[in-house]
Amino acid sequence: MYSREEIKQLKQLFWTKFGQFMALHASADGEKANWINYKTGIKHLYFRMDADKKLATIAIQWSQPDAGLRALMAEQFLQFKALLQDLLGEEWIWDMDGMDEYGKPICRIYTSLTGYSVFKEDDWAELISFFKPRIIALDEFWSSAKYTFDIFK
């Protein structure tokens, strides 16, 4: 069992390594990207990556407090579903009525990888292989779709 500090350090080391690996890749717009803390430029809209002892997840997540605006954002994403799937090369889960860990409503489009742990350094290559092509595809998607989301700024 890991202490809270060991958990923090291992996760931080993994994300640092991932960030160093991804630093070699420019964004779809040719700019330097902060892949781990990806900025969409839209309030309450995030590209999230997370990994723990059993599960790795990558998601487009929006937590707009206004239910009407959350629904409008969902409609915008639905209009781009074919493009998103084409760029990702796979079907993701669309959860339009989720809750975050604090009980606040969120919408997510996500996929997960099970059976690998961020706490096992031997699993890091597999986790990086999971995250890398998907965050690059999300960046490419966002390069094409972001302008239609400007109404939510």
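Annotations
- Label selected from [x] 1.06; [y] 1.39; [z] 0.98, the criterion being Cα Rg over 2.2 N^0.38 Å as computed here: [x]
- Taking a sphere under 15 Å around the Cβ of PHE77 and counting the other residues whose Cβ falls inside, with K and R at +1 and D and E at -1, yields a net charge of -1.
- Environment charge at VAL118 (Cβ cut-off 13 Å; Lys +1, Arg +1, Asp -1, Glu -1): -1
- DSSP assigns beta bridges within the chain; of those with both partners inside it, close to 100 percent run antiparallel.
- Computed over neighbours whose Cβ is under 15 Å from that of ILE58, the net charge equals -4, Lys and Arg +1, Asp and Glu -1.
- If only the Cβ of Lys and Arg carry +1 and only the Cβ of Asp and Glu carry -1, the dipole of segment 1-104 around its Cα centre is close to 420 debye.
- For the chain, the relative contact order is 27 percent, taking Cα pairs closer than 8 Å that sit 6 or more residues apart in sequence and dividing their mean separation by the residue count.
- Rounded if a/c under 1.5, otherwise prolate or oblate - segment 58-126, Cα gyration tensor axes: oblate
- Note, ³J(HN,Hα) from phi for segment 36-47, Karplus 6.51, -1.76, 1.60, rounded to Hz, x at Gly and Pro: 6, 10, 5, 9, 7, x, 10, 4, 6, 10, 9, 9
- Calculated mean residue ellipticity at 222 nm for the chain: -13500 deg cm²/dmol, from DSSP H runs with n ≥ 4 weighted as -39500 (n - 2.57), summed, divided by the residue count and rounded to 500.
- For GLU5, GLU121, the sequence from fewest to most other C-beta atoms within 10 Å is GLU5, GLU121.
- Under 23 Å between alpha carbons - lysine pairs in segment 21-153 that sit 8 or more apart or on different chains: 23
Taken together, the values in this text are just the output of simple stated rules run on the coordinates, not laboratory data. Remember, it's a predicted structure, so these values are computed and weren't measured experimentally. Ideal geometry is used to build each Cβ from the backbone, glycine not excepted, and the neighbour counts take in all protein chains shown.
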